[in-house]
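Shown next, in structure tokens, is the structure this report addresses.
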Amino acid sequence: MYSRFREKKTFTCAYHGWSYNTDGELIGIVAGDKVYGEEMDKSEWGLRPIPKVAMYQGMIFGNLDPDAISLEEYLGDMKWYFDMLLGRSDGGMEVRGVPQRWVAQANWKSTSENFSADPYHVQTAHRSTVEMGISPKDPLYAGYGHQVVMEHGHGINVITSATGRSIHRYQSTPESMWPMFERNLTPEQADILSRTTVFVGGVYPNLSFVSPIHGTEGHLHNYLNFRVWRPLGPDKVEVWCWFMIDKAAPEDYKQEAYKGYIGSFGTSGTLEQDDTEIWARVVQASKGLMVRDKELSYNNVSNYLMGFGHVDPDPSFPGPGVAYPTCYIDAISRSMHEYWLELITKDINDSEEGC
């Protein structure tokens, strides 16, 4: 993804044709001397720089707050899991195809929570894939494994199986790649990767990822899907979706994995269509009188009580974060909304402390 940007020497505004180099400096103006005169100083009209830019495992992050904490500190324990997902192969991951983009009728918190925190919806919302034989019939299959809660609202679901070990070792990647994984990862990371069927999670607030196993004609392939939820309003979100795969994987494997991605999490994919339809109905229901008037019904608020007070963390889990021994739990959801509340009330709390 990033090599694609580095290869491009200039960026041109589609509106009036002003051109900028990769440093954001204005270098070209259509008919500049004639319409602005030679005295115009291009150095005064460059793009505004992003105050904080940092990279981790090839991913570029920008922050508009110059006083924000560092990327490394913000990611925290998620770095350990990113190392496993993005750094397992020689040469890292590569992006195939252009990013798919579409607009969904949804609030960004719903979409982010769907990926980061909610495997529980899989058996119901994606029932059609079970009926077609794409997904397992076991209603608990997306709940096996661990849900890991981290600071700053981040989280990941490490989905395995009823035995704790996937029948698809290393997510159905070519066996020739396994020694490379074991060489690039710690023993703990390699063990988790070898027995996991699906990784799905997110970096708060609006970066989500899923590393599943999908395929066509009965052949399963692994890939990594990163997506950004770009809010367009309280009930509308633009989705930016990237397909990534190990650069070291065989070419035919990459091509087949891409087909699996298009058929599942692409714009018209089976899983994507299921989620998008449900999100739209959530928005419609949220505008109803019963939902908005808290006096009409006791059950018109969201239920985040799954596992609350009933499931204890698993101290034997080898990865960082607080790991619960099931993915059918609202631990990450509660963490996300607690952090959201902390952020939106920060200025209020600061002003009260100042008084």
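The values are calculated or read from the model by the stated rules, or taken from the named source; none is laboratory data. Everything quoted here is computed from the prediction, not taken from an experiment. A quick note on method: Cβ atoms are made from the backbone with ideal geometry, for glycine too, and the neighbour counts reach across all protein chains shown. Note: accessible area is taken over every heavy atom of the protein model, side chains too, but ligands, DNA and RNA are not part of it. Shrake-Rupley method; radii C 1.70, N 1.55, O 1.52, S 1.80 Å.
Annotations
- Here is the figure for the stretch 104-139: residues that are modelled with pLDDT of 95 or more, under 14 Å from I278 (Cα atoms) and among the aliphatic types (A, V, I, L, M) total 2.
- Looking across the stretch 5-36 at every residue that is assigned to a loop (DSSP other than H, G, I, E, B) and within 21 Å of M59 (Cα to Cα), the one that is modelled with the lowest pLDDT is identified as K8.
- Matching residues, the stretch 47-104, being among the aliphatic types (A, V, I, L, M), assigned to a loop (DSSP other than H, G, I, E, B) and open to solvent by 60 Å² or more (accessible area, probe 1.4 Å): L47, I50, L64, I69
- Selection status of T163, open to solvent by 40 Å² or more (accessible area, probe 1.4 Å), polar (S, T, N, Q) and out of contact with any Ser or Thr (no Cβ under 6 Å at 6 or more places or on another chain): yes
- In the stretch 147-172, the residues that are touching a residue at least 12 places away in the same chain (Cβ under 8 Å) and of a type in the set (S, T, N, Q): Q147, N157, T160, S161, S166, Q171, S172
- Restricting the stretch 133-146 to residues that are over 17 Å from I329 (Cβ atoms) and touching a residue at least 12 places away in the same chain (Cβ under 8 Å) leaves a set whose member that is surrounded by the fewest Cβ atoms within 10 Å (Cβ to Cβ) is D138.
- Residue count for the stretch 206-221 under the criterion of being open to solvent by 10 Å² or more (accessible area, probe 1.4 Å) and either within 17 Å of T270 (Cα to Cα) or modelled with pLDDT under 95 (or both): the result is 9.
- Considering only residues in the stretch 111-132 that are part of a loop (DSSP other than H, G, I, E, B) and open to solvent by less than 80 Å² (accessible area, probe 1.4 Å), the one that is farthest from P325 (Cα to Cα) turns out to be H126.
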